[in-house]
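Please read the structure below before turning to the comments.
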Amino acid sequence: MIDAATLLSDLIRIDTTNPPGREREAVELVGSTLADNDIAFGTYAKDPGRPSLVARVAGEGTAPPLLVQGHLDVVGVTGQRWDRDPFSGEIVDGWVWGRGALDMKGPIVMMLDALVRARQGHPPAGDIILCLVPDEESGGSLGAGFLVSEHPELFEGVAYALGEFGGFPFVFDDVRFSPIQISERVGVEFHVTFRGDPGHASMPQPGGAMAKLGRALVNLDRKHLPVHLTAPTRLMLEAMSPHVSPPTRFALRGLLDDRTAPATVAALRSRLGRMENLFRNTATPTIVRGGDKVNVIPAEVMLTLDGRMLPGMDPLTMRDELADLLDVECDISFSTERSGIPAEPDMGLFDLLASAVLRMDPGLVPIPYMIPAITDARWFSKLGIRCYGFTPMPLPADFAFEATVHGANERIPVSALRPGSDAYLDVFQRYGRTSHT
C-alpha cells in the first residue's frame, strides 16, 4: 500500500503540461514507487525525454493478461483562473488540488496502489500490466502509438484494457448514474478552403474568401450535423430507461427510434447537455489561416476543424454532411488515423466493472457510455484489445466532473482515492474468476 494522497501531490507538482510534456521525472517517481514495492518495470521511448513505463504483476496464468493504462501528460492552464496554484499539489480541506488530479494522475495513483496490493496478496488469475504513457493530450504518437507500433510484444495475449474515463457519478433525472466507457468517437481533421478574387483592400469585393469563411462560421455556430443512433448510445439509453421517471422514460424511447430521434434530441437539448454529442458527429473551428498583408484581399482562406466522428461511420459521409451544413462554396479535405474502435462495442467485461462500481458505491447505477472525445484506447484497440474506460471515483453529487477536467480548479477528494483503488483491486482479484470474463 502507498500513501496515495502524498504520491498524487508529488505527481501534480511535476509539471507535465503537453506541449512540451517532459514526463520523464514523473516516470522516475512512479518507477521509484514500483521498485520500493518489488515490482519490475521497463521504460520505452521514442523521445528520450518522454518515456513510457510498463510494469507487470504475474498472475496464475489461468486468464489472459489485463492491461491498465493511463497518461502522465496534462493539458495547460493558460488563461484559466484558479483559486490555487495548479501545480502546487496542495492538500486542503480534504481535497488534492492541481492539474491532473482527475485527468489522469489521480486515477494512475489508484491503479498503482491497487497494483502494489495485488502484488502483495493472492496472485490474480491473469497478469496485470500497468502501462503509463506520455503525449495522450496531443494525439499519443509518442506514447501509446509508439508502443503499439514498435513494441506490440509487450501486450501479447491481452484481452481487455482499462483506461480513461468511466466510473465517476453524474446525475440525470435525479438518478446517480455511473458511466462505464465502452466506446469513443474517432478524430477527423478537416481543412476547408475558401477562394475569391484578390485585390487591393481599399476596394472591397463582396462575396470573397473572407465572406465565405464568415458565412461558414455562422452556420457552424447555429446549425448541427445530422443525428445518428449508434450501438453504444442505444445500449446506454436502454440501461438508463428503467431507472428514470415515466416522462423521461417516454423521452428516451423517442431517442431510441430513428424516426423520432432528431426531433427528440432538439427538444431535450437543455437536459442532454454534453450527452447531445453522443448523437451526432461534430466539427469545431479551431484554426484560421489567410492573408499576409493588411492592404491585400486574400485569394484563399483556410479553416481547420476538429472533427469527432461516431464509431462505425465513414469520414467521406461526414465530409458530405459538413458540406451540407456549411452551405457555401468551398473545398473540403480531411485526414484521419486508422482507428481500432469497433462499431459494435464489446460488453464482455461490463458486468465485472459494474459490480465493482456498486461495491464502491451501492447508490450508483452503472451504464454503458461512449465518450464524445478520443483516448489512447484507439491505439490499443488496433491490437485487438477490447478497451473500457474505468476510472472509479466516488465524487460529491454536486461536483461538476466533466466541466472541471481540462478546466480551472481541477481537484479530487482525498476520500475518493482509497475507494477507487479498492475498485481496481476488486477487478484485479475477480478478473478471470467469474463468468464475466
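Please list, or write none, the lysines whose alpha carbon is within less than 26 Å of the alpha carbon of residue 223, excluding same-chain residues fewer than 8 places away. Output for residue 223: 212.
Divide the volume of the convex hull around the Cα atoms of the stretch 186-335 by the residue count and you get 114 Å³ per residue. Straight Cα distances below 17 angstrom link residue 46 to none of the lysines, with same-chain residues fewer than 8 positions distant left out. Under Stokes-Einstein, with the Kirkwood radius over Cα pairs standing in for Rh, what whole-number D in µm²/s applies to the chain at 37 °C and 0.692 mPa s? Once the numbers are plugged in, D ends up at 142 µm²/s.
Near residue 14, once Lys and Arg are set to +1 and Asp and Glu to -1 for all other residues with Cβ below 11 Å from its Cβ, the sum equals -1.
Taking the chain as a Gaussian network of alpha-carbon nodes connected by springs under 10 Å, the highest mean-square fluctuation of the residues 24, 215, 411 belongs to 215. A cut-off under 14 angstrom between Cβ atoms defines the neighbours of residue 182, and their net charge, with Lys, Arg +1 and Asp, Glu -1, is -2. Backbone phi angles across the stretch 129-135, fed through the Karplus curve with coefficients 6.51, -1.76 and 1.60 (θ = phi - 60°), yield HN-Hα couplings of 10, 9, 10, 10, 10, x, 6 Hz in residue order; Gly and Pro are listed as x. As a rough guide to protection, the peptides 63-74, 175-186 ranked by mean Cβ packing within 10 Å, highest first, stand as 63-74, 175-186. Net length available on complete extension from residue 13 to residue 221 is 71.1 nm, with 0.36 nm assigned per residue and the Cα-Cα distance removed. Would you calculate, for the chain, the mean residue ellipticity at 222 nm contributed by helices, counting each DSSP H stretch of 4 or more residues as -39,500 (n - 2.57) and dividing by all residues, to the nearest 500? Theoretical 222 nm ellipticity from helices: -9500 deg cm²/dmol.
For the stretch 317-327, the Karplus equation 6.51 cos²θ - 1.76 cosθ + 1.60, evaluated at θ = phi - 60°, returns couplings of 5, 5, 4, 5, 4, 5, 4, 5, 5, 5, 6 Hz by residue, with Gly and Pro reported as x. When both bridge partners sit in the chain, DSSP labels roughly 70% of those beta bridges antiparallel. Across the stretch 186-335, Cα pairs under 8 Å and at least six residues apart give a relative contact order of 46 percent. The residue list 104, 332, 35 was ranked by how far each Cα lies along the charge dipole of the chain toward its positive end, using unit charges on Cβ atoms, and 332 comes out on top. Over every pair of different alpha-carbon atoms in the stretch 136-204, take the mean of 1/r and invert it; report that Kirkwood radius in Å. Value: 17.7 Å, from the Cα pair sum. Computed from point charges on the beta carbon alone (+1 for Lys and Arg, -1 for Asp and Glu), the dipole magnitude for the stretch 186-335 about its Cα centre is near 600 Debye. The spacing between the stretch 362-437 and the stretch 8-83, judged by their C-alpha centroids, is 17 Å.
Bridging of residue 382 to aspartates and glutamates at a Cα separation below 12 Å is possible for 337, once same-chain residues fewer than 8 apart are set aside. At the listed q of 0.09, 0.21 Å⁻¹, the Debye profile of the stretch 84-241, built from one uniform point per Cα, gives log10 I(q)/I(0) equal to -0.60, -1.43. Estimated at 0.36 nm per residue, the fully extended path between residue 304 and residue 78 surpasses their Cα-Cα distance by 79.2 nm.
Bear in mind that the values in this text are calculations on the coordinates, not laboratory data. Predicted model only: the values in this text are computed from it and were never measured. Here Cβ is always computed from backbone atoms with ideal geometry, including for glycine, and neighbour counts include all displayed protein chains.
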